[in-house]
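As structure tokens, the structure follows; a few thoughts come after it.
The values are calculated or read from the model by the stated rules, or taken from the named source; none is laboratory data. Not measured: the values here are computed from a predicted model. Please note: Cβ atoms are built from the backbone with ideal geometry, for glycine as well, and neighbour counts cover all protein chains shown.
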Amino acid sequence: MDLATAKIEQSGVNDYVAYHGDDRNLFVQFEMVAEKQGFESEAQGRPVFKDQAYITIMFPGDKTRKISRRVQMNPMESAPFPPDPERFPKQWAAFQSQQEQPVTGMPIDQWAPLTKSMAAELKANRVFTVEQLSAVPDSALHTLGMGGRELREKAQVWLKQAESGAETLRLASENTQLRADLDLLKAQVAEIAALKKASK
């Protein structure tokens, strides 16, 4: 479940609660779209367009599901979602500064277990990172072809190992810093002892 498809449950006669999942593995892009203005076009007797910010949300492993709509700047009362720039701050910041919008994670075409053709097939199915591959739902596994489930499991195992490795590196770095601090403290104690001895 993700924020794009929040689960809404009734908690009373007229009370509803929205449960949100994780948006991290969605492919999100903001763009300016020339939107035709129907009323103004009719009034002026010619096509009138206005630049409008749009958001496109795509789901890893599912080529049939795509949301493309105007950017919501304010929370809607009818749909309890946060504004799009708050939901996707990195992509929004890149869009605002006219940079390429980031996809967070390990790029699928840089992941060693895949051939170039496998990476190209995954990209065609809107899977751009190892993180997105690990999160492809069961309902969309068939789009990955034969071995899709094994590929997803391999991605999940790789990510767990990477996470474990990152923790090991963090602890090693912390240990190195503690040793350096201890050596410095020993040197300071020795210096103080030498000064006391010299002053006697």
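One residue is enough: does the stretch 30-42 have a residue meeting the conditions closer than 30 Å to residue 144 by Cβ and either among the basic types (Lys, Arg) or in the same structural domain as residue 84 (by TED's automatic domain parsing) (or both)?
The answer is yes, given that some residue of the stretch 30-42 is closer than 30 Å to residue 144 by Cβ and either among the basic types (Lys, Arg) or in the same structural domain as residue 84 (by TED's automatic domain parsing) (or both).
Restricting to the stretch 115-137, what's the tally of residues that are of a type outside the set (A, V, I, L, M, F, W, C) and over 20 Å from the mean Cα position of the chain (by Cα)?
Of the residues in the stretch 115-137, 4 are of a type outside the set (A, V, I, L, M, F, W, C) and over 20 Å from the mean Cα position of the chain (by Cα).
Name the single residue that is modelled with the highest pLDDT among those in the stretch 18-40 being surrounded by fewer than 12 Cβ atoms within 10 Å (Cβ to Cβ) and within 28 Å of residue 136 (Cα to Cα).
Step by step, filter the stretch 18-40, then rank; the result is 22.
Applying the selection to the stretch 116-153, what residues are of a type in the set (Val, Ile, Thr) and not in a loop (DSSP other than H, G, I, E, B)?
129, 130, 143
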